[in-house]
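Below is one structure, written out as structure tokens; comments come after it.
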Amino acid sequence: MLVLGIETSCDETAVALYDSVQGLLADRLYSQIAIHAEYGGVVPELAARDHIRKLVPLIRKSLEDSRLGLQDIDGVAYTRGPGLAGALLVGATMGQALAFGLAVPAVGVHHMEGHLLAPMLEQTRPHFPFLALLVSGGHTLLVDVAGPGEYNILGESLDDAVGEAFDKTAKLLGLAYPGGPSVAKEAEKGRMDRFKFPRPMTDRPGLDFSFSGLKTFTLITAREHEDDNQQLTDQIRADIALAFQEAATDTLLIKARRALQQTGYEQLVIAGGVGANKSLRQKLNEMAEQENISVYFPRPEFCTDNGAMIAYVGCLRLSAGESEGMAVAVKPRWKLSDLKPPGERKHKVKS
Ligand code: KG4
Ligand code: ZN
């Protein structure tokens, strides 16, 4: 089964073609970073309008890349949520319209299930069940993954997501959007242990997170070291970036280790944009060696938003007989734990 995957939940327009036998055949992405950079964050209306401009050309390119035509597509998957309503609607409308025109089924995919199963696109894959640490701009989740669609949330952030904390820290330090990669780059020039930030909620039991305090800590530290013109030296800015990154990644490490001990799982999957962070990857790899467990990361471009993960999950669900009704309905808020295993939520396929 050849599935066209469409991702438009935020600031990346992404399209991929995934075949159940041959695997990933095409994967195209257009990042809107340049459009939103001058505003210091994503402007939802601009995001939606740009998805409209880029989606059809990306679909054409993906078909060219794989030397296939529209008539080869057996099903369409699009991100149904969570995400920005207007941006999601662009992908949902295009997905439903294409599926209707081609008389093939369409399925709306949960964006975080896409991230969660992205490691399945790699050659070395985990097998079910496993523990997943999902770290994106909107979510920080520790998930007990019994099988596809069987997700039990063990811990989550009570306030800011870890990616959001990276983004806000970058803003406070005057670094460019998107904040995660900027903070990581700045941290490379920082001096270890110049500042020590707290590891929030690690001193009490449980697997929940809280990252908003770290952002406040960044603000206070920055204020204390500003000169009379409210400027930081380059060195202090880098030191703060490093202290923040160390605190955020240590916190994730401590909770992931705790969740592994509680569940007894020997496989840990990391996914979502913050999974691209080199310091986090290194720490988790070291922990895996110490604890004698296996850790699975998607390649960095499959950690951040991409169409391949949506095409992959779509293929799983369409192959199990799932499809949406023809209504173009998106779910800007949608809990991962509300999902069912593929095939348990069957709709009548349009004739
Ligand atoms: O998964 P993703 O691309 O989109 C969402 O579903 O949210 O994640 C985006 C988040 C942003 O907060 C971004 O700053 C963060 O992932 N991010 C990083 C890195 N690359 C992206 N955070 C830390 N280090 C990175 N290298
Ligand atoms: Zn994402």
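Annotations
- Long-range neighbours under 7 Å by Cβ, at least six apart or interchain, first residue open to solvent by less than 80 Å² (accessible area, probe 1.4 Å) within region 28-57, second β-branched (Val, Ile, Thr) and assigned to a helix (DSSP H, G or I): Leu46/Ile35; Ala48/Val90; Asp50/Ile35; His51/Val90; Leu55/Val90
- Filter result for Ala248 (open to solvent by less than 10 Å² (accessible area, probe 1.4 Å), more than 16 Å from ligand 2 (Cβ to nearest atom) and within 23 Å of the chain's Cα centre (by Cα)): yes
- Filtered residues of region 116-172 (kept if more than 14 Å from ligand 1 (Cβ to nearest atom) and part of a loop (DSSP other than H, G, I, E, B)): Glu122, Gln123, Thr124, Arg125, Pro126, His127, Phe128, Pro129, Pro148, Gly149, Leu158, Asp159
- Selected residue (criterion: farthest from Gly138 (Cα to Cα)) from residues of region 188-235 that are β-branched (Val, Ile, Thr) and open to solvent by 20 Å² or more (accessible area, probe 1.4 Å): Thr233
- Flag if Ala87 is in a helix (DSSP H, G or I) and out of contact with any helix residue (DSSP H, G or I) (no Cβ under 7 Å at 6 or more places or on another chain): no
- Some residue of region 9-25 being under 25 Å from Gly180 (Cα atoms), modelled with pLDDT of 95 or more and open to solvent by 60 Å² or more (accessible area, probe 1.4 Å): no
- Scope region 106-160; condition open to solvent by 10 Å² or more (accessible area, probe 1.4 Å) and acidic (Asp, Glu); matching residues: Glu122, Asp144, Glu150, Glu156, Asp159, Asp160
- So Met309, is it over 16 Å from Pro181 (Cα atoms), at pLDDT 95 or above and within 14 Å of ligand 1 (Cβ to nearest atom): yes
- Whichever residue in region 268-292 is within 16 Å of ligand 2 (Cβ to nearest atom) and not in a helix (DSSP H, G or I) and, among such residues, is nearest to Ser182 (Cα to Cα): Asn277
- Region 294-312, subset in contact with a strand residue (DSSP E or B) (Cβ under 6 Å, 6 or more places away or on another chain) and farther than 15 Å from Gln123 by Cα, residue most open to solvent (accessible area, probe 1.4 Å): Asp305
The values are calculated or read from the model by the stated rules, or taken from the named source; none is laboratory data. None of these values were measured; they are calculated from a predicted model. Virtual Cβ from ideal backbone geometry, glycine too; neighbours counted across all protein chains shown. To get the accessible areas, we keep the full protein, side chains included, count just its heavy atoms, and leave off ligands, DNA and RNA. Shrake-Rupley method; radii C 1.70, N 1.55, O 1.52, S 1.80 Å.
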